[in-house]
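Take a look at the structure below.
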Amino acid sequence: MGEGVDLSSVSIDFGNFRAVDNVSVEIKPGEFFSFLGPSGCGKTTILRMVSGFLDPTAGQISIGGRPMNGIGPNKRPTSLIFQNLALFPLMPVWENIAFGLRVRGIGKAERRKKAEELLRIVDLPDAGDKMVGQLSGGQKQRIAIARALAVEPKVMLLDEPLSALDLKLRQHMRAELRAIQERTSVTFIYITHDQGEALAMSDRVGVMSRGRLRQVDTPEMIYNAPADSFVASFVGENAVMDGAVEGYQGEFVRFKTVDGVFLGRPGPGVMPAAKSRLFIRPESIRIGGQPGANAVSTTITSVVFEGNVISIVGHTAGGSHITTQSTNTFGSARPQVGDQATFSFDPSEARVLISEDAAKVPAGGH
């Protein structure tokens, strides 16, 4: 069973630059937790602090309830997998897996037995005597995971390990990684800028921007109930309209834009007169309805066939671009570029959030 990882008010500075700014999060034992964010947001720096390669400037990191301050990487119950897998090409697969055990003085027979057990866990039971060069990209990923598991870590740290793979293999490896994590019950902390990876694999996701942790929640809540404009913009596609809150109407707020007044669910800190933005997911927007009741007139500017879905973009009189996505049904009619169409959406599927400049998030990140 994995151990929990607690970050308590953790910050790290490089000179005058604050790379991670006051991050606190409790990662549960046996959880698959992902830090998601753009390049330079601080997520890899957090991973290096958890692994012991960097020391926080302030705050504390604990693993299994034990403070890690001053404890080196080789003394922590962690294993780290980098983007560069660094497998040894002149060793057979089983020796690659058992290399950490060899360093610890474990005998050859026991090392081989452990390697064979791990090969079964990563679903490569017959690969032990192959050379690394005989493996596919996805198989090399699984061997790197088996090698990291050989030393029986309580926490597995993964720094964008799938980034070098092609799309189909990445999608396949998402399922493989999740299955391995569930079989071993080791705590996984996964670093990625790919929202699809984070949403598909994780029990919870922490979204980061400029060194700050913006939201921690389940994938469903991150996508359906983003806490602020950055999370809404970074995770998934949206139609976005600028404006201000006029007031409340039951559980919704009245949001005034140049294209009219719309109802939506208020996010944290939203209040009348605050500069805000309205976010609507493309799959929540329908073609049809009467302008005025959470509907807006548009001119169709783009119709894109994407296989399973069709993306249709409408341009409003106020200058907003609104995209709707519909399932591809063979032979069904669809608008054409230049057509006039009304786009509508349910108030419960719209989210009003404070604008980035209004939120005044401190700068930082690495």
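The values are calculated or read from the model by the stated rules, or taken from the named source; none is laboratory data. Note that the coordinates shown come from a computational prediction; the quantities given were computed from them, not determined experimentally. For neighbour counting, all protein chains shown are included, and Cβ atoms are generated from backbone atoms with ideal geometry for every residue, glycine included. Each accessible area value is taken on the protein alone, full model and side chains, heavy atoms only, with ligands, DNA and RNA left out. Shrake-Rupley method; radii C 1.70, N 1.55, O 1.52, S 1.80 Å.
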What shape does segment 235-274 have by the C-alpha gyration tensor, where a ≥ b ≥ c are the square roots of the eigenvalues, rounded means a/c under 1.5, and otherwise prolate means a/b greater than b/c and oblate the rest? oblate
Where the centroid of each part is defined by its Cα atoms, how far is segment 53-108 from segment 130-207 in Å? 16
R0 = 56 Å: FRET efficiency of Val309 with Arg102, Cβ-based, nearest 0.05? 0.65
When the dipole is taken about the Cα centre of segment 139-212, and only Lys, Arg (+1) and Asp, Glu (-1) are charged at their Cβ, what size is it in debye, to the nearest 20? 40
Hey, what angle do you get for helix 167-184 against the long axis of the chain, alpha-carbon based, 0 to 90 degrees rounded to 10? 60
Count the lysine pairs in the chain whose Cα atoms sit under 23 Å apart, keeping only pairs 8 or more residues apart in sequence or on different chains. 22
Net charge, Pro266 excluded, C-beta distance under 10 Å - Lys, Arg +1, Asp, Glu -1: +1
Express the C-alpha Rg of the chain as a ratio against the empirical globular expectation 2.2 N^0.38 Å, rounded to two decimals. 1.17
I'd like the Kirkwood hydrodynamic radius of segment 201-283, using the inverse of the mean 1/r over distinct C-alpha pairs, in Å. 13.6
Using the charge dipole of the chain (Lys, Arg: +1 at Cβ; Asp, Glu: -1 at Cβ; taken about the Cα centre), state which of Ser311, Ile189, Ile222 has its Cα farthest towards the positive end. Ile189
In the chain the accessible area split gives carbon plus sulfur, as whole percent at 1.4 Å, a share of 51
Under the helix-only model (-39500 (n - 2.57) for each DSSP H run of 4 or more, divided by the residues of the chain), the mean residue ellipticity at 222 nm, to 500 deg cm²/dmol, is -6500 deg cm²/dmol
Starting from the Cα-Cα distance between Gln290 and Leu167, subtract it from 0.36 nm times their residue separation and give me the gain in nm to one decimal. 40.2 nm
Top of Phe234, Phe32, Phe14 by mean-square fluctuation, Gaussian network on the chain, Cα under 10 Å: Phe14
Whole angstrom only: what separates the Cα centroid of segment 270-297 from the Cα centroid of segment 15-31? 35
For the chain, set up a Gaussian network in which alpha carbons nearer than 10 Å are linked by springs, and say which option among Glu246, Glu117, Glu306 fluctuates the most. Glu306
Based on the alpha-carbon gyration tensor of segment 64-204 and its eigenvalue square roots a ≥ b ≥ c, which shape applies: rounded if a/c is under 1.5, prolate if not and a/b is larger than b/c, or oblate? oblate
Rg/Rg_globular for segment 138-260, with Rg_globular taken as 2.2 N^0.38 Å and Rg from C-alpha atoms: 1.37
Could you tell me what percent of the DSSP beta bridges with both partners in the chain are antiparallel, to the nearest 5? 75
For segment 120-240, percent of DSSP beta bridges that are antiparallel (nearest 5) comes out at 50
Quick check for you: with a 1.4 Å probe and neighbouring chains kept, what is the accessible area per residue of segment 241-285, in Å²? 46
Mean projected area (nm²) of the alpha-carbon convex hull when segment 38-87 is viewed from all directions: 4.4
For the chain, set up a GNM with springs between Cα atoms under 10 Å and report which of Arg210, Arg254, Arg104 has the largest fluctuation. Arg104
Cα extents of segment 240-349 along the three principal axes, largest first, in whole Å? 45, 24, 21
Taking the Cβ of Thr298 as the centre, find all other residues whose Cβ is under 11 Å away and add up their charges (Lys, Arg: +1; Asp, Glu: -1). -2
Please give the solvent-accessible surface of Phe252 in Å², to the nearest 10, using a probe radius of 1.4 Å with every protein chain present. 40
